[in-house]
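The values are calculated or read from the model by the stated rules, or taken from the named source; none is laboratory data. Small disclaimer: the values here were computed from a predicted structure and weren't measured. Don't worry about glycine lacking a Cβ; one is built from the backbone with ideal geometry, like all the others, and counts go over all protein chains shown.
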Amino acid sequence: MKRQNAALVCFSGGQDSTTCLFWAKKHFERVEAVCFTYGQKHSQEIEIAGQIAREANVPFQLLDLSLLSQLAPNSLTDSSVVMDEEMPESHLPNTFVPGRNMLFLTFAAIVARNKGIFHLVTGVSEADYSGYPDCRDTFVRSLNATLNLAMDEQFVIHTPLMDRDKSEVWQLANELDVFDIVRTQTLTCYNGIPADGCGHCLACKLRKEGLEKYLSEGEVKK
């Protein structure tokens, strides 16, 4: 991929978005990050995202989308909802936040347009996505077309993790020389515990399983 001018990364400070942040730094001359607060219980991720961005020398912006927590009840924003720890067979896990990625990318596009940036980067994946419909390639392509029509621009949404399972995300972090940063500084856990997390929420299970698979097959750079 030819190095492009500028990209805006949807950034949460988790494993996936942190890997994407450094992927973007490799492929774009200028990288900025936008983070969202939406009433999530694990709000420590915002502090961690800001710290990682600062250490990576990436401009960081925080947007308030807290209205989302009122419109879309889920276990990530509502303490009264007991979080699913296993994938339900007949419905989406209650960690799914309806409309979240649609709103994140839409607001990111608005921010990016005002900065003269037309490349957006997001860490969604349909290889390891907990069944979330807004992590599918079909959704991203559809929203990309809608944003271009809505603003009469030519945005490109990049999804470097789309076809990667979690072990392959660890592999990419290693290839980008940020394996240790991703392993020790990020927050993926739905219960707000950094690094290896709580170990029993859906996000931690995916992360751990991917790490164990990668460590059994790959070689971590020293």
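Of all residues in the stretch 148-194, those that are part of a loop (DSSP other than H, G, I, E, B) and under 17 Å from LEU21 (Cβ atoms) total 12.
Conditions (1) at pLDDT 95 or above; (2) touching a Ser or Thr at 6+ places or on another chain (Cβ under 7 Å), marked per residue:
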{"site": "ARG3", "(1), (2)": "no, no"}
{"site": "GLN15", "(1), (2)": "yes, yes"}
{"site": "THR18", "(1), (2)": "yes, yes"}
{"site": "PHE22", "(1), (2)": "yes, no"}
{"site": "HIS27", "(1), (2)": "yes, no"}
{"site": "ALA49", "(1), (2)": "yes, yes"}
{"site": "ASP84", "(1), (2)": "no, yes"}
{"site": "ARG100", "(1), (2)": "no, no"}
{"site": "LYS115", "(1), (2)": "yes, no"}
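Taking each residue of the stretch 32-48 that is within 12 Å of LEU67 (Cα to Cα) and looking for partners that are in a strand (DSSP E or B) with beta-carbon atoms closer than 7 Å, six or more apart or interchain, yields PHE36/LEU63; THR37/LEU62; THR37/ASP64.
Is there a residue in the stretch 115-132 that is among the hydroxyl-bearing types (Ser, Thr, Tyr), closer than 25 Å to ALA195 by Cβ and in a helix (DSSP H, G or I)?
Looking through the stretch 115-132, none of the residues is among the hydroxyl-bearing types (Ser, Thr, Tyr), closer than 25 Å to ALA195 by Cβ and in a helix (DSSP H, G or I).
Would you check which residues across the stretch 48-63 are part of a helix (DSSP H, G or I) and either of a type in the set (Ser, Thr, Tyr) or surrounded by 13 or more Cβ atoms within 10 Å (Cβ to Cβ) (or both) and list them?
ILE48, ALA49, GLY50, GLN51, ILE52, ALA53
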